[in-house]
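S.K.: First the structure, then my questions, so here it is.
The values are calculated or read from the model by the stated rules, or taken from the named source; none is laboratory data. What you are looking at is a predicted structure, and each value in this text was computed from that prediction instead of being measured. Cβ atoms come from the backbone with ideal geometry, glycine included; neighbour counts cover every protein chain shown. Surface areas here come from the heavy atoms of the whole protein model, side chains and all, with no ligands, DNA or RNA. Shrake-Rupley method; radii C 1.70, N 1.55, O 1.52, S 1.80 Å.
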Amino acid sequence: MTFDLTSSIGELVAGTNLLAIWGLNFNDDEDFFQSPELIATAGASMTIPAGRFYGNPSPGSLNDPSLMGPAGIVAIDAPGQSFVEGTSLAVGLSVDSPTAEIRYTTDGSVPTAASTLYAGTPITINNTTELRARAVESGFIDGPIVGEGYIEIDNGGGNALTGFRSYLPIVVIENFNGLDADTGAFRPFNMTIFEPDPGTGLASVVDTPTVSTRIGMHVRGQSSVGFDKQQYRVETRDQLDNDLDFDLLGLGEESDFVLNGPWVDKSQIRNAFEFDLSRSLGVLAPETRFVELYLHEAGGTVSEDDYIGIYVLMEDIAIGDQSVDIPELDPSDTAEPDISGGYLLRFEESPESLPLTGWQSLELVDDEIYTTAQHAWISDYVNAFDAALSEGPNFGVVDFEDFIDAQAWASNMVFTELVRDQDSYVASAYLYKDRGGKLTPGPQWDLNLTMGVGGFHDNQSLTGWQFDHNSGDVFYTQGEREWNRRLFLDADFSQLFIDRWHAARQDQLDLTSLLNRVESHADFLRDPNGGDGVDSAAVHNFNKYPSNLGDPDPGFDSPVTATWEQQIDFIQDDWLTPRIAWIDSQFVPAPIINQSGGQINPPLNVNFTLPASGNVYYTTDGSDPRASGGGVSASAIQYAGGDVVIHSTT
């Protein structure tokens, strides 16, 4: 709506004038909102002053509007890179304004008007250095901070790094002799990534990096804090330590990442392989990239002593296009359908965020983005689902499928029961709810305690169901309700699980295909050109940690082998093959039809190869021969042997 105030110009007086807009919400409309904008046109006799910027905050005092600004952006002519010990870099700085000064620091501190003045002569960089600079100009706000990191590479003795080559990307993380990474708060570091050369397939720390950026980093995890390989959470940042999206190694534009260091998982591939398998089954899981990681926290040159092993770089779990693609709720989302999503939830032993009402271990991830009304809405939704599964009178009366994506739930259970995660369903277990959608499991997370690694809740057994062992466990869920075992008591859901398992066995869980998938991930850590003098990443990693393979308890029970390749064999031969065989043995096998579908020339004679016991029922109208609840459908025909003759499209 537009109001023309021209006729009221005569009401203006010299000095201060106040224009008030009063909106009356007579109908208590929750969507009522006003945001007035004053549009004025200057007459020929009016002079509009040049724009001004407020400098420093002055609460309680008048603002100082005298500053132009900000000053220009300093250009650094040498991007972040490495250089070899004994050599140096000459780094020049420039800014467009001839009256601006450039002030810089080389110790990581924020440059100010009192910092070193750049006199026009390139700065000599002859040791590991964080260079930060900004323009300072009279009458202007100080310009934005720019910065680059320069990494000195050791070139002498047994720790020389100049000759190192890897088939994986090499990541060097440097703190410029600042504070070491610790649990809790993020601390500033620099991350430099060297990717393999497309021609040779090899990466080197003396090549041109593809990424050099400021980051924040801290140690993550609970039980893993004491491992020789620690786990790190990483935020890519700008010079003011605000989040800055980067596409690291093709993972997509994000600012939140995790560096996972496999330790109890001696194969090094469990997270990467299982995330990949989960995605193939339709359950969300992060994308991953294997890297070789160097962490330098002591000043001086980066050397082989700073190598800390094979790591898995992965996107962190958060609402967003690259992770969980659901809308982020706005505070104004107070009624359905808007308030119905998106929500990101997590079961956790020690919740970091606000638990849902009535729960101790089920929390809203990043609870600060949700309002009290939104917290109440999702609590009510989850509790209604919980009630539908309870032992009380609601079971079988209220349809739990009104609340969950049952197909996705069954797919998640197919995956989880195959790998038997020690924390299955109850810790690091994520759920999400899209706007207008249902509660859905995923993304997968922290899958190092799987496939024979762990030792708790019978997760190393090749027989039995994991949901029977992670039910109502006080250590994990404070004795709270458990959903998956209860779902399996429902005849229709258990059949959905069986059908989903059978379908996956013809595709993603076909044994040959599954073992090949394991091989494809192990290949990243092998030497594709044996005998070329370049150690594989696996060899490099276990040269660093020679006792890891033979340690039966590096934090949790873990298979003991003489070689890394035998760890891969264990996954294939000692876990996946027998585990699949046991799950197969729990169900009546499907009959085999002797004819494939497709175009036919009728009549077509079809017959079935029958399972060892039981009756076979079939339909020809596309319906399920099984009735809801487990009985035989009224339209089903019992197969009596011989041929079923197909005369038309069926």
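S.K.: How much of the accessible area of the stretch 298-349, in percent, comes from carbon and sulfur atoms when a 1.4 Å probe is used?
M.R.: Values: 730 of 1830 Å².
Ligands and nucleic acids excluded, carbon and sulfur reach 40 percent.
S.K.: Enter the accessible area per residue of the chain (Å², integer; probe 1.4 Å; all protein chains in place).
M.R.: Values: 31410 Å² over 650 residues.
Result: 48 Å² per residue.
S.K.: Let me ask something else. Rounded, prolate or oblate: which fits the stretch 343-453 when a ≥ b ≥ c are the square roots of the eigenvalues of the alpha-carbon gyration tensor, with rounded for a/c under 1.5 and prolate only if a/b beats b/c?
M.R.: Numbers: a/c = 1.77, a/b = 1.20, b/c = 1.48.
In terms of gyration-tensor shape, oblate.
S.K.: Return the whole-Å distance between the Cα centroid of the stretch 497-556 and the Cα centroid of the stretch 569-645.
M.R.: 33
S.K.: Any lysines with Cα under 24 Å of the Lys544 Cα? List them, leaving off those in the same chain fewer than 8 positions away.
M.R.: List returned: Lys229, Lys266.
S.K.: Normalising by the residue count of the stretch 473-572, find the relative contact order in percent from Cα pairs under 8 Å and 6+ residues apart.
M.R.: RCO, the stretch 473-572: 13 percent.
S.K.: Among Ile593, Ala410, Thr183, pick out the residue whose Cα is farthest towards the positive end of the charge dipole of the chain, where Lys and Arg carry +1 and Asp and Glu carry -1 on C-beta, about the Cα centre.
M.R.: Farthest towards the positive end: Ile593.
S.K.: Right, another one. About its Cα centre, what dipole magnitude does the chain give when the only charges are +1 on Lys and Arg Cβ and -1 on Asp and Glu Cβ, stated in debye to the nearest 20?
M.R.: Working: 30 positive and 98 negative charges, 139 e Å.
I would put it at about 660 debye.
S.K.: Packing-wise, with mean Cβ within 10 Å as the measure, how do 301-314, 370-383, 427-440 rank, highest first?
M.R.: Values: 301-314: 21.8, 370-383: 17.3, 427-440: 19.4.
Output ranking for 301-314, 370-383, 427-440: 301-314, 427-440, 370-383.
S.K.: Further, regarding this structure: What is the stretch 200-250 by shape, rounded, prolate or oblate, if you read a ≥ b ≥ c off the alpha carbon gyration tensor as root eigenvalues and call it rounded for a/c under 1.5, prolate for a/b larger than b/c, and oblate otherwise?
M.R.: Working: a/c = 2.64, a/b = 1.25, b/c = 2.11.
Oblate, because a/c is 1.5 or more while a/b does not exceed b/c.
S.K.: So, in Å, what gap is there between the alpha-carbon centers of the stretch 180-217 and the stretch 403-450?
M.R.: For the stretch 180-217 versus the stretch 403-450, the Cα centre distance is 32 Å.
S.K.: Turning to a different aspect of this structure: Percent of accessible area on the stretch 540-650 owned by carbon and sulfur, 1.4 Å probe?
M.R.: Numbers: 3260 of 6480 Å².
Answer for the stretch 540-650 is 50 percent, counting heavy atoms of protein chains only.
S.K.: Express the carbon and sulfur contribution to the solvent-accessible surface of the stretch 160-265 as a percent, rounded to the nearest whole number, probe 1.4 angstrom.
M.R.: Numbers: 1780 of 3940 Å².
Of all accessible area on the stretch 160-265, carbon and sulfur atoms account for 45 percent.
S.K.: Hey, what did the chain get for relative contact order, percent, Cα under 8 Å, at least 6 apart? Each step should come with its number before you reach the end.
M.R.: Numbers: 1220 pairs, mean separation 57.3, N = 650.
Dividing the mean separation by the residue count of the chain yields 9 percent.
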